[in-house]
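What follows is a single structure, written as structure tokens, with notes after it.
The values are calculated or read from the model by the stated rules, or taken from the named source; none is laboratory data. Model, not experiment: these values are computed from the prediction. So basically every Cβ, Gly included, is an ideal-geometry build from the backbone, and we count neighbours across all protein chains shown. Quick note on the areas: whole protein, heavy atoms, side chains included, nothing else; ligands and nucleic acids left out. Shrake-Rupley method; radii C 1.70, N 1.55, O 1.52, S 1.80 Å.
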Amino acid sequence: MSNTTTIKTWVEDHVGVIQLNRPKVLNALNRQMVSEILETMEAWDRDDDVAAMIVTGNSKVFAAGADIAEMAEDDSISLELLNQFTEWDRLAWVKKPIIAAVNGYCLGGAFELALSCDLMVAAENAQFGFPEINLGVMPGAGGTVRLTKLMGRAKALEWLWTGDYMTAEFAKENGVVNRTVAPELVFEEAMKLARKIANQAPLSVRMIKEAVNKSVDHSIYDAMQFERKNFYMLFSSEDQKEGMRAFVEKRNPQFKGK
Ligand code: CAA
């Protein structure tokens, strides 16, 4: 277990866990926390002992958004010079799977963080929303884009304009959340999913993530060319030989991620 001032981290069963840890301010994401999340994820992305990651909060709150106190006196030039969103961009380059395990509020920048993960497991009573409108601003770390891509223009506009919170059930029905479970089971369910993925052939997991991400932002033709390239690439791996031989020999494969 490792503690910084903003997050706790540990690895269990080849799953790296990041727990947001500023409970006094409902885990509000300050800049230091975002940096520490990214540094940890990038280190685990290079660590053979970690095959999947989980980002979670505590049993009451995932996080109540970006730290409002920290940015209250910012102006557009200071934000431009700070260029903080390039840190968020790095999240898209993390190659291993990331699961958000969400209890309680998941708002603003925290919703953007969860939407930047690959999968989401949420408590049945979790609440998601973009309350930035109530502060006279708007999401700036991909919220308008990701929400619109997931649920379409009219629904996204309604949530972004009203600042209302959506239920976990609505989020699941609209492709935001993969699974909803009882609040006390969120972490366990996320671990179950992470362990399952962590046991799959690592290179396949990686190439699938890349190909699916391409399909979100590119034409069907371009995304399919990319998919094909990744498919061919996997045939250079030892794991492809092992996986297919194991099938033929009727035994379980032993994948090495090579
Ligand atoms: N930033 C900084 N501090 C926050 C915070 C935030 N986003 N959210 C909560 N806190 C602090 C509160 O100021 C309070 O601190 P004190 O005890 O020192 O007063 C503490 O956390 C507990 O909060 P509340 O007393 O407000 O708790 P509550 O249970 O009554 O309400 C809540 C919970 C509805 C989530 C409410 O805290 C709230 O509305 N928070 C702000 C949510 C928000 O607007 N998020 C978007 C931020 S902007 C953003 O994220 C922009 C971006 O994309 C970059």
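The residues of the chain expose, per residue, 55 Å² of accessible area to a 1.4 Å probe.
Going through the cross-link list Lys60/Lys95; Lys60/Lys214; Lys96/Lys256; Lys96/Lys250; Lys229/Lys250, which pairs have a Cα-Cα distance over 25 Å in this structure?
Result: Lys60/Lys95; Lys60/Lys214; Lys96/Lys250; Lys229/Lys250 exceed 25 Å.
Full extension of the chain segment joining Glu70 with Leu150 gains 25.8 nm, where the gain is 0.36 nm per residue of separation less the Cα-Cα distance. FRET efficiency for the Asn134 to Lys192 pair, using the beta carbon distance and R₀ = 45 Å, is estimated at 0.80.
Would you work out what percent of the accessible area of segment 1-106, with all protein chains in place, is carbon or sulfur (probe 1.4 Å)?
53 percent
If you add up the charges near Thr6, with Lys and Arg at +1 and Asp and Glu at -1, over every other residue whose beta carbon is less than 14 angstrom from its beta carbon, what do you get? Net local charge, Thr6 excluded: -1.
Between Val15, Val145, Val34, the Gaussian network model of the chain with springs among Cα atoms under 10 angstrom shows the greatest mean-square fluctuation at Val145.
Put +1 on the Cβ of each Lys and Arg and -1 on the Cβ of each Asp and Glu in segment 1-123; which of His14, Ala101, Ala72 then has its Cα farthest toward the positive end of the dipole? Checking the options against the dipole of segment 1-123, the answer is Ala101.
So, R0 is 35 Å and r is the distance between the beta-carbons of Glu242 and Asp222; what FRET efficiency does that work out to, to 0.05? Efficiency, rounded to the nearest 0.05: 0.65.
Suppose a student asked you for the relative contact order of the chain, using Cα pairs under 8 Å spaced at least 6 residues apart; what percent would you report?
Once divided by the residue count of the chain, the mean separation gives 16 percent.
Counting only Cβ charges, +1 for Lys and Arg and -1 for Asp and Glu, the dipole size of segment 1-110 around its Cα centre is about 420 debye. Panel note: the C-alpha atoms of the chain, placed on their principal axes, show extents of 63, 43, 38 Å (largest first).
Output the 0 to 90 degree angle, nearest 10, between the alpha-carbon long axis of helix 186-198 and the longest principal axis computed from the alpha carbons of the chain. Taking Cα atoms only, the helix is inclined about 30 degrees. Computed from Cα atoms, the angle from the helix 238-248 axis to the main principal axis of the chain rounds to 60 degrees.
Between the Cα long axis of helix 153-162 and the first principal axis of the chain there is an angle of about 40°, rounded to the nearest 10. Of the solvent-accessible surface of segment 183-228, computed with a 1.4 Å probe over protein heavy atoms with every protein chain present, carbon and sulfur atoms account for 56 percent.
Out of all DSSP beta bridges with both ends in the chain, state the antiparallel percent to the nearest 5.
Just about 35 percent of them are antiparallel.
Taking GluC sites (Glu not before Pro) across segment 47-84, the ones in a DSSP loop with at most 11 further Cβ atoms lying within 10 angstrom of their Cβ are Glu73.
Between Glu184 and Arg31, the contour length at 0.36 nm per residue exceeds the alpha carbon distance by 52.2 nm.
Sorted on the mean count of surrounding Cβ atoms within 10 Å across their residues, most packed first, peptides 89-95, 220-226 read 89-95, 220-226.
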